[in-house]
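In what follows, a single structure is set out as structure tokens and then discussed.
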Amino acid sequence: MHFGLTNVRGGRYNLGALVMARGEHCVEVVEPGEALAFIVVRGQILITRQRAGEPATFKLVATPSAPIFVVNPGTYTVVAEQNTLGLRGARQARM
């Protein structure tokens, strides 16, 4: 679950709270020119990317000591492996 906190530069950059219960998941779509950042304060999230008909290509784990920055376009699944509290930052592509 994401809660918006701020929008900067006409909505191009935004920062939100990341609050997820253990086992909760969401799907994030990163388009060309966009980026996501997950900074975990407490808990742990797992980020995977899967292509149609294939197993997950890679798995990334964000913890309080290891934030994750996603810059490659694609569809990502975010799963809370523990109850998680943190920040989610996004940069939108220029229009």
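What follows is calculated from the coordinates using simple rules that are stated; it is not laboratory data. As the structure is a computational prediction, the values presented were derived from the model and not from experiment. Because the Cβ atoms are built from the backbone with ideal geometry, glycine has one as well, and the counts that use them run over all protein chains shown.
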Task: Hits in the stretch 86-95 (condition: in a loop (DSSP other than H, G, I, E, B) and buried (at least 16 other Cβ atoms within 10 Å of the Cβ)) - done: Gln92
- [ ] Please go through the stretch 21-35 and pick out each residue that is farther than 15 Å from Val61 by Cβ and either among the polar types (S, T, N, Q) or part of a loop (DSSP other than H, G, I, E, B) (or both).
- [x] Ala21, Gly23, Glu24, Glu31, Pro32, Gly33, Glu34
Open item on the list: I need every pair where a residue in the stretch 43-69 that is farther than 16 Å from Ala80 by Cα has its Cβ under 9 Å from the Cβ of a residue that is among the β-branched types (Val, Ile, Thr) and exposed (fewer than 12 other Cβ atoms within 10 Å of the Cβ), sequence separation at least 6 or different chains.
Closed with: Gln50/Thr57; Arg51/Thr57
Open item on the list: Go through the stretch 36-85 and report how many residues are part of a strand (DSSP E or B) and either within 10 Å of the chain's Cα centre (by Cα) or on the phi < 0 side of the Ramachandran plot (or both).
Closed with: 30
